[in-house]
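Can you keep this structure in mind? I'll have questions shortly.
The values are calculated or read from the model by the stated rules, or taken from the named source; none is laboratory data. For clarity, every value in this text was computed on a predicted model and none was experimentally measured. All Cβ positions, glycine included, derive from the backbone under ideal geometry; neighbour counts span all protein chains shown. To get the accessible areas, we keep the full protein, side chains included, count just its heavy atoms, and leave off ligands, DNA and RNA. Shrake-Rupley method; radii C 1.70, N 1.55, O 1.52, S 1.80 Å.
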Amino acid sequence: MVHAGAQTGTAESRGARMSENETTVVDARGLSCPMPVMLARKALTEVSAGRVEIVVDDGTACDNVRRLAEREGWAAAVSEDGNGTYRLVLTR
C-alpha cells in the first residue's frame, strides 16, 4: 500500500493510493482544486495502463480530473452516489 504524503490508513483515506488487482485508488474527498487533479496526475503518471479510480466530492474537481484523464489518453466513466461523491473510473 502506497500513501500520498505522510498519511497512513486504508485506500479510503484522503489522498491514499493502493494497487490491488491492477487498480489504483485515489481518494481525494475533502480536497479543493487543484489537489484532486494533482493526485490524479501523479497516479496516471505512475500507472501507464490499467485502471485508476479517483473519488472526489466536488463537481468541479470531477470535471477537472475527467478533462485531465481524457487529455492524457484515458477513457473516463463517472458515477455519482447521490450524496455528492463522484467516482471516476479511468482506463487505458
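Under 6 Å between Cβ atoms, at least 6 apart or on separate chains: pull out the pairs that start in the range 66-92 with a residue that is open to solvent by 60 Å² or more (accessible area, probe 1.4 Å) and end on any residue that is among the aromatic types (Phe, Trp, Tyr) and assigned to a loop (DSSP other than H, G, I, E, B).
The qualifying pairs are Arg92/Trp74.
Further, regarding this structure: Within the range 70-86, track down each residue that is within 16 Å of Asp27 (Cβ to Cβ) and touching a strand residue (DSSP E or B) at 6+ places or on another chain (Cβ under 9 Å).
Step one: list which residues in the range 70-86 are within 16 Å of Asp27 (Cβ to Cβ), which gives 78-81, 83-86.
Val78, Ser79, Glu80, Asp81, Thr85, Tyr86, listed by residue number.
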